[in-house]
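This report refers to the structure that appears directly beneath it.
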Amino acid sequence: MVQFDLFGEVEQKLEERAKQREEEASNPSKPPSALAWRRKRIAFPGDPNRLAREVAENVIAAWFSHYGGNRMDVPLGTIASLSFFREPLVSDWLLTLEPAQLPPLLREIWGSQWMARPDLIEVARPLHDWVEEDPDEYQLRAVQAVIHTAIYNGLFDLTASGDPYGRSEADVLSPLLTGLRHKSDKKWRGEYHTPPSVTDLMAEILVGDDDHGPTIRDPALGSGGMFRSVAQTLRDRGLNPHDYTWFGNDIDPLATACAAVNAIIWDLGPRTVIWRADSLATDDADLSTALAEREAVIKHRNAVVEQALFEHRAGRMLHAFNQLLEGAAA
């Protein structure tokens with residue numbers, strides 16, 4: 001879980017925003033804040049896919065108006081990191097952050113997710129490597145604009161639900177990825193994501209009411225739209241996506257990275273393997289290699305955790321030993 005005490009002022013900011021909302025509620029004549037008005041307008045969206053497109057379109061406009069260029073990974077990675085939050089009220093705090101405060105926050109978000117799902121976060125590396133590049137103030141102001149735009153346009157209405165079903169009703173990253181990519185690039189890659197209405201229909205046809213524990217495989221995964229539809233259909237039929245094994249790959253590293261993030265957002269479960277590979281290049285699309293790399297990453301995470309626990313225990317023992325020495329000296 002992401003810790004919101006990075007700057008030591010989060011609780012104070014949230015309390016201030018809560019008081020502001022109370023004042024607005026008790027004083028109808030006072031115009032509500034832009035955020036409060038926006039929340040009222042988009043609460044419980046009737047068409048999540050339409051809202052996802054709206055969020056993507058406005059984020060793209062904000063990014064290109066403040067920065068532009070070919071750095072698709074920056075706005076994509078920013079929205080992906082925000083999608084890990086499960087508390088809508090965090091938006092009040094995020095709006096108070098200055099550009100210089102964003103890199104440490106984003107590093108903490110990705111780091112905490114790496115501790116939970118190192119295999120998927122490693123696949124998502126194209127979305128968060130840029131945070132370690134020491135971005136300049138110009139770029140960070142564009143990131144700030146992206147965050148504000150996403151919040152005001154309702155990103156957390158789609159992704160901040162504590163219920164996996166609620167945050168799996170739309171793929172926010174797919175329209176953002178395709179919208180940021182140049183038309184000629186999409187044509188060269190053959191990257192045209194299947195519309196949600198089509199994947200939903202396919203899932204309804206393919207998933208049986210008594211399916212338990214099979215493998216779901218997508219050799220042209222994109223950002224994971226088919227996985228989302230299958231997971232929702234399973235839940236509609238009283239089945240748990242955690243009981244399934246999910247194998248998905250795509251040749252595009254950014255699409256694969258988005259699918260890895262979506263697998264966490266949609267809570268597909270512990271048996272989810274996503275990797276970058278050309279399905280036409282080998283017989284198994286490098287599945288065996290992906291499984292070996294996944295095992296190595298998880299093993300490394302376990303070693304890091306074990307070392308941290310050892311250092312914590314050693315620190316406590318050393319502290320207790322020093323107290324004994326001080327007591328004996330007294």
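The values are calculated or read from the model by the stated rules, or taken from the named source; none is laboratory data. Keep in mind the model is a prediction, meaning the values are calculated, not measured. Methodologically, a virtual Cβ is constructed for each residue, glycine included, from the backbone with ideal geometry; neighbour enumeration extends over all protein chains shown. The area values use the complete protein model at the heavy-atom level, side chains included, leaving out ligands, DNA and RNA. Shrake-Rupley method; radii C 1.70, N 1.55, O 1.52, S 1.80 Å.
Just a few scattered comments:
- Number of positions in segment 68-102 that are within 21 Å of A259 (Cβ to Cβ), open to solvent by less than 10 Å² (accessible area, probe 1.4 Å) and of a type outside the set (A, V, I, L, M): 6
- Lone unmet requirement of (1) within 14 Å of V261 (Cα to Cα); (2) at pLDDT below 95 for V123: (2)
- Selection from segment 218-250 of residues that are surrounded by fewer than 19 Cβ atoms within 10 Å (Cβ to Cβ) and either outside any loop (DSSP other than H, G, I, E, B) or modelled with pLDDT of 95 or more (or both): R235, D236, H242, D243, T245
- Evaluation of A285 against the conditions (1) among the hydrophobic types (A, V, I, L, M, F, W, C); (2) part of a helix (DSSP H, G or I); (3) buried (at least 18 other Cβ atoms within 10 Å of the Cβ) shows that the sole unmet condition is (2).
- Residue selected from segment 293-304 under the condition surrounded by 11 or more Cβ atoms within 10 Å (Cβ to Cβ) and aliphatic (A, V, I, L, M), by the criterion farthest from R271 (Cα to Cα): V304
Each row is one residue, and each column tells you yes or no for (1) over 23 Å from L254 (Cα atoms); (2) out of contact with any Phe, Trp or Tyr (no Cβ under 6 Å at 6 or more places or on another chain); (3) of a type in the set (A, V, I, L, M); (4) at pLDDT below 85.
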{"position": "D267", "(1), (2), (3), (4)": "no, yes, no, no"}
{"position": "V273", "(1), (2), (3), (4)": "no, no, yes, no"}
{"position": "R276", "(1), (2), (3), (4)": "no, yes, no, no"}
{"position": "L287", "(1), (2), (3), (4)": "no, yes, yes, no"}
{"position": "A290", "(1), (2), (3), (4)": "no, no, yes, no"}
{"position": "V297", "(1), (2), (3), (4)": "no, yes, yes, no"}
{"position": "N302", "(1), (2), (3), (4)": "yes, yes, no, no"}
{"position": "E306", "(1), (2), (3), (4)": "yes, yes, no, no"}
{"position": "M317", "(1), (2), (3), (4)": "yes, yes, yes, yes"}
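- Where a residue in segment 89-100 is modelled with pLDDT under 95 and of a type in the set (S, T, N, Q) and its partner, wherever it lies, is buried (at least 17 other Cβ atoms within 10 Å of the Cβ) and not in a helix (DSSP H, G or I), with Cβ under 9 Å and at least six apart: S91/F85; S91/A160
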